[in-house]
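In what follows, a structure is listed as structure tokens, so that the remarks can point back to it.
Where a number appears in this text, it was derived from the coordinates with a stated rule and is not lab data. These numbers come from a predicted model, not from an experiment. With ideal geometry, Cβ positions are generated from the backbone for all residues, glycine too; neighbour counts draw on all protein chains shown.
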Amino acid sequence: MTHPPDAKKSDEGEFESGHREDPLVDPIEESRMPLWGHLHELRQGMIRSLVIVSLAFCVSYSYVDPLIVFLERPLLDLLPEGSRHLYFTGLTDKFFIYLKVSFLAAACLVSPYLLYEVWRFISPALHKHERKFAGPFIFLGSFAFFLGLAFSYYVVIPFGYKFLLEFGSPTDQAMITLTEYFSLTLKMLLALGLVFEVPVVMVLLGKFGIINAPMLQKNRHYAFVVSSVVAAIATPSPDAFTMLLVMVPLYCL
């Protein structure tokens, strides 16, 4: 007994559809790994990063003396002649400052590789067309970080420290220790470097469809408040001018 033409077509359609690939299958689901797999990848990435930073530390430590002189210059240029020196009150102060400066210099030196490790860790959660942003992310992220360092060193730190030195009675004499100065200066450099990473992150979130221009415009008043708080924390002095030097670029970013 033969099937009616319509029924035959229906059966053939069912047969053919059973062998077709499902277009709704998410490639992310296919590459999904268990939690322990992610933890293993994170551990391996941290080990590789630690090795690279350690090698860079050996290089930066061999040039630590010029780095110390370079970092001291913004303050020493503001001090009067005959008083252009810093003090240390503990025997180990200089030693630990040299280690800290060498480590941070090493981290800055290999920051493109550290960004690559970050991208390598998150890339399995991305679609194929999103993974092509790896190169721009590493390049722009590194450029923005170094731009933030330069902005902090050449603009924010000189104006901020000038205000602090001239604040109060003109008869007061500054006795600034190495520990105090480098603790504040390194925090300033790192904070502004990270702040300048904001536009790179925002662009990536926009490319991934997480945020968009209408959303940012709708919440820009919150961005103004957050920029003000971050500028107040990141700047070394409470004067409005130095805070504006940080807040305006941050808000624009």
Mean Cβ neighbour count within 10 Å, used as a protection proxy, ranking 73-79, 183-189 highest first = 183-189, 73-79
task = Sticking to Cα atoms, compute the Rg of region 34-196 to one decimal and its Dmax as the biggest Cα-Cα distance, whole number, in Å.
result = 19.7, 66
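List the chymotrypsin sites (Phe, Trp or Tyr not before Pro) in region 55-122 that DSSP assigns to loop (not H, G, I, E or B) and whose Cβ has at most 10 other Cβ atoms within 10 Å. Which are they?
Passing both the DSSP loop test and the Cβ count: no residue.
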message = Quick check on my link table: of LYS100/LYS162; LYS128/LYS207; LYS187/LYS207, which ones sit more than 19 Å apart, alpha carbon to alpha carbon?
response = LYS100/LYS162; LYS187/LYS207
